[in-house]
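The structure appears right after this line, and notes come after that.
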Amino acid sequence: MKRKVFFISDRTGITAEMLGQSLLSQFDEGKFDQESAPFIDTIDKANAMREKINEAAERDGVKPIIFDTIVQPDIREVILDSQGLVLDFFQTFIGPLEKELNLKSNFSVGKTHAYDKKGRYDTRIDAINFALNNDDGTTTRYYDEADIILIGVSRCGKTPTSLYMAMQFGIFAANYPFTEDDMDNLRLPPALKKHKKKLFGLTINPNRLHEIRTERRANSTYASLKQCQYELREVEALLRREKVPVLNTTSKSIEEIATKIMVQSGLKRTSF
């Protein structure tokens, strides 16, 4: 049976979800039915959320697991009064920090976004828009603005990695795919050659690529194992010739892929 998990926040819920999923990832055998509940910022919304938690507890016969980043004490108390196991990130860490710093917390909703005198939150939003507008080689005209350009065959993880790097690190990431039509005379196009220092290659095991492509386009040449092997062989050879750094994504999560790229490329994240 899957254990019900709620990520609850009085803002977007990104922090609760990111931290909660990091903890859940430590339990390989666990099965979880995850649900995000952002903008729980009134007592009425909190009461409705508590009812939903209690319904899940009664239905499943076990406590739902609650990860929350609720700042307002009265709203948090409503959630704490539910039949779930509540893991409150702010309550866990703010108290010890107040004691150590000898300061009182402001208890300001959305403070993680407001703690941004240099516009870092806005930078991340701009980075997300950049990743969307420069996805899959749709345009190369803005590569001057890119911090990094991910390249590789189709479906090796370029798009989700670009978006994750934008959202979590504020990195302006473009991505460019090498397609079946490129294979006969594979080389770096001028738009990539011009920005060679920004290039980072992604590759993947051919059997895994075959599985991913089959889900998208079954019984096609595009998804065949033979085609996957051929494209990967050609692209990997190109990356070696051009001395482009490469990361194999086969057994790695998006979080791990993005972090390893950051370390290998020396990019600096935009902090929250």
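The values are calculated or read from the model by the stated rules, or taken from the named source; none is laboratory data. Owing to the predicted nature of the structure, the values given are computational and were not obtained by experimental measurement. Reconstructed Cβ throughout: ideal geometry from the backbone, glycine too, with neighbour counts over all protein chains shown. Remember, those area values only see protein heavy atoms, side chains included, never the ligands or the DNA or RNA. Shrake-Rupley method; radii C 1.70, N 1.55, O 1.52, S 1.80 Å.
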**Q.** Computed magnitude of the charge dipole of the range 123-272 (debye, nearest 20; Cβ of K, R +1, Cβ of D, E -1)
**A.** 420
Q) How large is Rg over Rh for the chain, taking Rg from the Cα atoms and Rh as the Kirkwood inverse mean of 1/r across Cα pairs? A) 1.05
Q: Run the accessible area of the chain with a 1.4 Å probe and give the carbon-and-sulfur part as a rounded percent.
A: 50
Q | Rg/Rh (Cα only; Kirkwood hydrodynamic radius) as it applies to the range 173-272 | A | 0.99
Q: Skip the ligands, DNA and RNA, and give the accessible area per residue of the chain with a 1.4 Å probe, whole Å².
A: 57
Q. Label Arg208 and Glu180 with points 7 Å out from Cα along Cα→Cβ: what is the distance between them in nm?
A. 2.3
Q: Take the Cα gyration tensor of the range 133-176, multiply each eigenvalue by 5, square-root it, and list the three semi-axes largest first, rounded to whole angstrom.
A: 14, 14, 7
Q. Under a straight-distance cross-link criterion of Cα-Cα below 29 Å, which lysines are reachable from Lys4, leaving out those fewer than 8 residues away in the same chain?
A. Lys31, Lys45, Lys52, Lys63, Lys111, Lys252
**Q.** Fraction in percent of alpha-carbon pairs per bin - 5 Å, the range 28-187
**A.** 1, 8, 12, 12, 11, 11, 12, 11, 9, 6, 3, 2, 1, 0
Q: Starting from the Cα of Arg217, step 7 Å along the direction of its Cβ; do the same at Asp28; then give the gap between the two resulting points in nm.
A: 3.5
Q.
Which one, Tyr176, Tyr230, Tyr164, has the greatest fluctuation when you compute a Gaussian network model over the chain with C-alpha springs under 10 angstrom?
A. Tyr230
Q | Using a Förster distance of 35 Å, the FRET efficiency for Thr250-Arg59 (Cβ separation, nearest 0.05) | A | 0.40
Q | Candidate aspartates and glutamates for bridging to Lys198, where Cα separation is under 12 Å - those fewer than 8 sequence places away on the same chain excluded | A | Asp144, Glu145, Asp147
Q | Solvent exposure ordering (accessible area, 1.4 Å, most first) of Ser154, Ser251 | A | Ser251, Ser154
